Amino acid sequence: MTTSAPTVLIVDDEAKSRDRLADLLAPGGYETTSAASGEEALSSVASDAPDLILIAQSMTGIDGCQVASILKADPATENIPIIMVTGDEDIGTRQAGLAAGAEEFLSKPVDPTELGLRVRNLLRLKDMGDLEDQVVVLEQKIAARTADLLRFRTAMNATPDALMLVSRDTMRFVEVNDTTCAMLGYTRAEMLGLGPVALGAATHDELEAMFEPMPGGRIKPRLSEVTLHCKDGGSVDVEIHRQALLSGNDWIIVSVVRDITER
């Protein structure tokens, strides 16, 4: 079930039938809305889609089968489960409802226990389907971000300069390229556990100052020359060009590092 009370739209051109179904659903904690015609039902769904629709098969104007066909043909509403309520036991009538897309049938007079079970089971199935859809969307987003990240890393590794990205929130590296690892002797995983302070690129106070915004919210680009500590205990003299970029709510310092030992 969803965290809030599921909403059931009751559609019937007879007011007594609508009231009766609403009374039967009340003990289940469902929120109910009603429509007196197929046209009104379609308008209601368009403005505020319910979690489930309980609809009379036979109505004046647009009947239940026509409403079901219209909703199931629309990707925005095709996953809303529909229970068709009918007083006709003819097999052809039920087949017409199934062809229109109804998931379940109830016969008049509606049995309270059967109604409760069918509504509950269909809502559970809908929640499972909604969760699967969310998982698919999440997987697609992850795949897209992974592809973007791979392209980003490829671009970073294409440059002969060492590139280091530092997060203001953690004061640690969030990305480095292969040139950085070769220059300092660390693996990428090791670098991502470090920050500029550990390498001698800046003191903590200097690093804090780098993230101080100027008037207008921008962060001033910086150029400095420092000696970085390598993993093997050695050192390398470098020139660092720093530029800040806003990434979501976090500032990222992009450092372009050049070996100036020969110079």
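So here's what we get for this one:
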| read-out | value |
| --- | --- |
| Alpha-carbon Debye profile of the range 1-78, log10 I(q)/I(0) at 0.14, 0.17, 0.20 Å⁻¹ | -0.42, -0.62, -0.84 |
| Correct choice for Cα extents along the principal axes in Å that was computed from the model, options [x] 59, 46, 35; [y] 162, 47, 30; [z] 93, 37, 30 | [z] |
| Rounded if a/c under 1.5, otherwise prolate or oblate - the range 13-129, Cα gyration tensor axes | rounded |
| Percent antiparallel among DSSP beta bridges (both partners in the chain, rounded to 5) | 60 percent |
| Choice from ILE80, ILE55, ILE91 with maximal GNM fluctuation in the chain (Cα, 10 Å cutoff) | ILE91 |
| Per-residue [θ]222 nm for the chain (sum of -39500 (n - 2.57) over DSSP H runs n ≥ 4, rounded to 500) | -12500 deg cm²/dmol |
| Selection of GluC sites (Glu not before Pro), the range 1-65, meeting DSSP coil and at most 15 other Cβ within 10 Å | GLU14 |
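Bear in mind these aren't lab numbers, they're just calculated from the coordinates by the rules spelled out. No experiment lies behind these values; they were computed from the predicted model shown. Here the Cβ is made from the backbone with ideal geometry for all residues, glycine too, and neighbour counts use every protein chain on show.
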